Amino acid sequence: MKKLLFWLMIVIPAVSWSQNLTISARVVDVETGERLGFASIGIKGFAIGTISNGQGEFDFHFAATHRNDILVVSMMGYKNYEAPVWTIIDNNVNVIRLEKSSIELQEIVVSDTLTGGDILRIALSRIEENYPMEPFMLEGFYRDVKKVGGTYISLLEAAVKIYDENYSEPRNKMKLRENVQLIEVRQSLGYESKFTKYFDQDNLLEDLLLHNNIRYRQIEADDELFASMKREKNSFFNDKEIYVVTHNETNNLKLFIEKHNFSIIHLEWESKGYGEEMGKKKNLISKFAGLKKTLDFKRVNGKMFLNFVSVTSKVNWYDIGSNELKFETELFQQLLINNVDPKPKTRITSTEKMRNYGLQYQDRPYNKVFWDNYNVIKETPLDQQVLADLEKFSPLESQFQEY
């Protein structure tokens, strides 16, 4: 019996050590208590991570082997938060407080002569220096939500792998260069709604990846654009000073660029255009009503890799004869990269690639165990309206299972 107890004492810890750990917390400003959305959370020295949602909340799943490593939480304009993983888990830390960087609290005086246009010009010229020029693999979480007339009608989520050869400039800036493999997909019943036909039926994940303005060189090196760029007060990120440049004429563009090597680490873009005709269905005509985009990058092995992308697009539908507004549609898309492999041993083959039609037609049986341990963007209280709309007929969990 003593021998049995001895072996149990060895085996049981070994089994528990192989399990995943989860940190659930909220990121806030140490002084104001303001919740900090879209902060980056990761393990120091490793290419795994997640982000906080719009309310600063996150659930971060990772292997128990990282128990003695360092958790890092970073946010533009704030000092990094670092602490051993075990101290957060053992002490049940559920609020992580970030302190604004001292440089952000000071009145920054621009001491060099670089204009906003100069900074952007240099950053664009150094893309191949700062971004990967060798094959790499990303693992990510994709989500899209469709909304019609103020009501959410469908939700689709997918776990994916993304393979790319490098960040060299493509000849065709609107043709996808990455190979994407679907690992798991889950969706609500809303795809049976009569309104889904008023959204693009193409592969929306492919469309989202094509919004990577850096990868696809969609910021033209144009003298007129450079002349219109405005230099703002410098910021701070990951213990480094950051240039901030903006453009507010035809569209709103804001770029955060590392000062020491001109890496573009964050981009925000919002269109000012309105009313452009896009297409027709039956007796209705669609008109563009706005687009808002966020791109975020993180450094792994000295290169910048995609960390997060979010796009919200709005289209309004009018009666062709009377031009009366019939209803509004909104598509919200997110892609979170939760792991980066800068030197993959394999690639995604043509037989493994997802197809170029809608993801809702490429689903497979719902795998609850997988999703319970996968890093997703945590729902916010605002998402309760999404859930309320989608669960009018049955709980979302049962909808996933039915599909």
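The values are calculated or read from the model by the stated rules, or taken from the named source; none is laboratory data. All figures in this text were calculated on a predicted structure; none of them were measured in a lab. All Cβ positions, even for glycine, are placed from backbone atoms using ideal geometry, and neighbour counts span all protein chains on display.
Of all residues in the stretch 188-210, at least one satisfies being assigned to a strand (DSSP E or B) and either more than 22 Å from the chain's Cα centre (by Cα) or farther than 18 Å from Glu268 by Cβ (or both).
Would you confirm, using the coordinates I've provided, whether Ser193 is at pLDDT 95 or above, of a type in the set (S, T, N, Q) and more than 24 Å from Val376 (Cα to Cα)? No, not satisfied.
To keep it simple, each residue is scored yes or no on (1) assigned to a strand (DSSP E or B); (2) closer than 30 Å to Glu328 by Cα.
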residue	(1), (2)
Tyr142	yes, yes
Ile153	yes, yes
Glu157	yes, yes
Asn166	no, no
Leu176	no, yes
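List, please: which pairs have Cβ atoms under 7 Å, are six or more places apart or on different chains, and start with a residue in the stretch 264-285 that is over 30 Å from Ile127 (Cα atoms) and end with one that is β-branched (Val, Ile, Thr) and in a strand (DSSP E or B)? Between residues of the stretch 264-285 that are over 30 Å from Ile127 (Cα atoms) and residues that are β-branched (Val, Ile, Thr) and in a strand (DSSP E or B), the close pairs are Glu277/Ile285; Met278/Val315.
Test Lys378 against the criterion of being at pLDDT 90 or above, among the basic types (Lys, Arg) and not in a strand (DSSP E or B), and give yes or no. Criteria not met by Lys378.
Output the strands (runs of 3 or more DSSP E) that fall wholly within the stretch 41-95 and possess 2 or more residues being among the acidic types (Asp, Glu), or say none. Step through it out loud before you land on a result.
Details: elements: 49-51, 57-63, 70-74, 81-84.
Counting at least 2 such residues, we get 57-63.
Look at (1) of a type in the set (A, V, I, L, M); (2) touching an Asp or Glu at 6+ places or on another chain (Cβ under 7 Å); (3) outside any strand (DSSP E or B) and you find that Val185 fails only one, number (3).
Each row is one residue, and each column tells you yes or no for (1) among the hydrophobic types (A, V, I, L, M, F, W, C); (2) in contact with a strand residue (DSSP E or B) (Cβ under 8 Å, 6 or more places away or on another chain).
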| residue | (1), (2) |
| --- | --- |
| Ser188 | no, yes |
| Leu210 | yes, no |
| Phe236 | yes, yes |
| Glu277 | no, yes |
| Lys282 | no, no |
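Restricting the search to the stretch 246-259, which residues are of a type in the set (D, E, K, R) and part of a strand (DSSP E or B)?
Initially, the stretch 246-259 is screened for residues of a type in the set (D, E, K, R), giving 249, 254, 258-259.
Within the stretch 246-259, Lys254, Glu258 meet the criteria.
Among the candidates Phe236, Phe262, Phe256, Phe297, which residue alone is buried (at least 18 other Cβ atoms within 10 Å of the Cβ) and under 30 Å from Ser154 (Cβ atoms)? Sole residue among the options that is buried (at least 18 other Cβ atoms within 10 Å of the Cβ) and under 30 Å from Ser154 (Cβ atoms): Phe297.
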